[in-house]
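One structure is given here, and the rest of the page talks about it.
Every number here is computed from the coordinates shown, using simple stated rules; none is lab data. Because the structure is a prediction, the values reported are computed rather than measured. Because the Cβ atoms are built from the backbone with ideal geometry, glycine has one as well, and the counts that use them run over all protein chains shown.
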Amino acid sequence: MPTQAATQSPQENAPSASPRPVIILKLATSLDGRIATATGESRWITGELARAKVHRLRADSDGVLIGSGTALSDDPELTARLKPAAKQPVRIVLDTDLRLPSTSKLARTTDQGQVLIYAARGVEPSAVERLTATGAKVVFVPRSMGGVELEAVFEDLKTNWAVNTLLVEGGGALAASLIKRGLVDRLEWFRAPILLGEEGRAAIGPLQLKHLADAPAFKKVASRQLGPDLWETYEKVSAECSPESSPPSEK
Ligand SMILES: NC(=O)c1ccc[n+]([C@@H]2O[C@H](COP(=O)([O-])OP(=O)(O)OC[C@H]3O[C@@H](n4cnc5c(N)ncnc54)[C@H](OP(=O)(O)O)[C@@H]3O)[C@@H](O)[C@H]2O)c1
């Protein structure tokens, strides 16, 4: 049972005039904020109930996004596996140099829903052919620091693929890129009661913060227990509403 009700669903919050979708970042971490061991093992940090909720979040989103790091390390399918069968979100990978293999689960399941791969202009034509042959669609956007230009990706998703709500499923590099740019509207944070230590992979990559006052702030709007795990929802604290004036809700 929720300890506090979420205010509005992201869909209700959709900024219709915004050039980008509402962006929801989902994280499944240990108590100490790690998303994988040092060797990249992340399956499964959270339990079955938490994973079932992630499938529901996928089905409620128009698109599900990951970076190439997660695509290569976890080989996820990113489908919403629910009973009865759910609407499938568009599945999206940021893959600047088209490293995704055509044998990956994403490339092999294009019959189950659209797969979009955002790459930088100028990649090898053979790589484009290899992936488009699977039924995936390659979209070219400008290259930028850390990969492809996020603003161009989000504008294309909203304008050309009707993606109004986007669930981002990691990893740490993509999460940091989004947070640094203030692009995360909501956090769906699943926390397992385990510890992975400093050598585990951080949920959020480097933010290059020098001052606490510059830390991106969120407020908790809901908290539920899912078996052994905790599922917390946070919303972005807007510029007009400082963390001091609106402290995170406590149980
Ligand atoms: N527990 C969880 O919730 C969870 C979820 C996801 C992942 N993971 C774990 O996280 C690890 C992977 O993390 P990661 O940080 O390497 O992967 P990631 O964030 O999924 O991917 C990062 C890569 O995405 C590409 N990219 C393209 N444009 C980008 C942009 N604008 N900003 C950021 N990245 C961009 C870059 O590679 P290119 O230059 O090749 O495009 C970049 O290196 C794995 O161990 C995985 O198991 C855990």
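Selection among L49, L178, T37 by position relative to the dipole of region 20-236 gives L49 as farthest towards the positive end (Cβ unit charges, Cα centre). The three principal axes of the Cα atoms in the chain give end-to-end lengths of 54, 38, 37 Å, sorted in falling order. Among L78, L207, L174, the residue with the largest mean-square fluctuation in a Gaussian network model of the chain, with springs joining Cα atoms closer than 10 Å, is L207. Taking the Cα atoms of region 57-190, the ratio Rg/Rh between the radius of gyration and the Kirkwood radius comes to 0.93.
In the chain, the DSSP beta bridges split such that about 40 percent are antiparallel, to the nearest 5. Ordered by the number of other Cβ atoms lying within 10 Å of each residue's own Cβ, fewest first, T29, T165 fall into the sequence T165, T29. For the chain, modelled as a GNM whose springs connect Cα atoms under 10 angstrom apart, the maximal fluctuation among A213, A162, A192 occurs at A213. For region 32-130, the Kirkwood estimate of the hydrodynamic radius, built from every pair of different alpha carbons, is 14.7 Å.
Taking only alpha carbon atoms, region 79-124 gives an Rg to Rh ratio of 1.06, where Rh is the Kirkwood radius.
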